[in-house]
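One structure below.
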Amino acid sequence: MMPEYKISIEIQPDPKQVDFVDKQLHQFNVGEIGDYQYTSLFLLLRDSEKNVVGGLEGFIGLGWFHIATLWIAEELRGYGYGKALLLAGEEEAVNRGCLNVYLFTYSFQAPEFYQHLGYEVFGELEDFPIGHRRFFLKKSLQNNP
């Protein structure tokens, strides 16, 4: 006879149980693709007084660089600082063994900015959020000028 299982919705899950589930999936993945680990990559843009006026946060793993956040203070946009941060992040990712980079952005952010720098859209969700789109972009870092 098959035991009975029940699903519970956990609004504030026990961190030990979350960790257990994460470790189980990690263990399965290691069995399929070998050991892997994601490392952080964080770049900051600072003014002459050392105030943060921009930044890029990403993660490196499995030969890919994932850009999670790229932000430039509004008054500095359009002066090339975003491009400089992005290219510096890509260069460091290559130095750490990455072959490709990916990210997602919204239609109200700057998908054209990334496309201008060689990123291509590989996925899109309409009405995410409602009235907007979410774009998934990627770029090869191999033989990159």
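If you go through the range 22-67, how many residues are without any contact (Cβ under 8 Å) to a residue 12 or more places away in the chain and outside any strand (DSSP E or B)? Qualifying residue count for the region: 18. The residues on offer are 14, 22, and the sole one that is surrounded by 10 or more Cβ atoms within 10 Å (Cβ to Cβ) and either among the charged types (D, E, K, R) or over 23 Å from residue 143 (Cβ atoms) (or both) is 22. Can you tell me which residues in the range 97-116 are outside any helix (DSSP H, G or I), under 18 Å from residue 57 (Cβ atoms) and not polar (S, T, N, Q)? Of everything in the range 97-116, those that are outside any helix (DSSP H, G or I), under 18 Å from residue 57 (Cβ atoms) and not polar (S, T, N, Q) turn out to be 98, 101, 102, 103, 104, 106, 110. When residue 95 is tested against (1) within 26 Å of residue 26 (Cα to Cα); (2) of a type outside the set (Val, Ile, Thr); (3) in contact with a Phe, Trp or Tyr (Cβ under 9 Å, 6 or more places away or on another chain), just one condition goes unmet, and that condition is (3). Checking each residue in the range 63-89 for being over 15 Å from residue 104 (Cβ atoms), surrounded by 15 or more Cβ atoms within 10 Å (Cβ to Cβ) and touching a Leu at 6+ places or on another chain (Cβ under 6 Å) picks out 81, 85, 89.
Each value in this text was obtained by applying a stated rule to the coordinates, not by laboratory testing. Every value quoted in this text rests on a predicted model; they were computed, and no experiment measured them. Neighbour counts are summed over all protein chains in view; Cβ atoms, including those assigned to glycine, are modelled from backbone coordinates with ideal geometry.
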